[in-house]
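Quick one: the structure is below, questions incoming.
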Amino acid sequence: MILGYGGRKHLTDWQVEVNHAIKETGLSFNTDAVLALPTKTSEVRLFELDNGTMSQARLAKEVWDYERYAGHRVWEGARGTIGGT
């Protein structure tokens, strides 16, 4: 996977089996790998690797969780102040 993204020279970090949780929504899932590969549109890339043992229903749920996670926004800063996402 790292080689597929141009090798380690483009990566700033990576981790495997990373838990992602959003307490407010109850969403919690694990990704097989997270590559820190800063670009104009993204800071990291999440990966799910499967060797054919996962059911299609479970894989579909994981993809849905990824989509919900990617769409979640958290605003920093108190109401009325200038904050970022």
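Are any residues in the range 39-54 of a type outside the set (D, E, K, R) and open to solvent by less than 80 Å² (accessible area, probe 1.4 Å), and if so, which ones?
Thr39, Ser42, Val44, Leu46, Phe47, Gly52, Met54
Take the range 1-38 and flag every residue that is small (Gly, Ala, Ser) and either surrounded by 12 or more Cβ atoms within 10 Å (Cβ to Cβ) or part of a strand (DSSP E or B) (or both).
If the condition is that a residue be small (Gly, Ala, Ser) and either surrounded by 12 or more Cβ atoms within 10 Å (Cβ to Cβ) or part of a strand (DSSP E or B) (or both), then Ala21, Ser28, Ala33, Ala36 are the ones that fit.
Could I ask something else about it? Here are some conditions: (1) surrounded by 13 or more Cβ atoms within 10 Å (Cβ to Cβ); (2) at pLDDT below 85. Ile82 meets all but one. Which one does it not meet?
All conditions pass for Ile82, except number (1).
The values are calculated or read from the model by the stated rules, or taken from the named source; none is laboratory data. Computed from a predicted structure; not experimentally measured. Cβ coordinates were reconstructed from backbone atoms using ideal geometry, including for glycine residues, and neighbour counts include every protein chain displayed. Ligands, DNA and RNA are stripped out before the accessible areas are found, and what is left, the full protein with its side chains, is counted by its heavy atoms. Shrake-Rupley method; radii C 1.70, N 1.55, O 1.52, S 1.80 Å.
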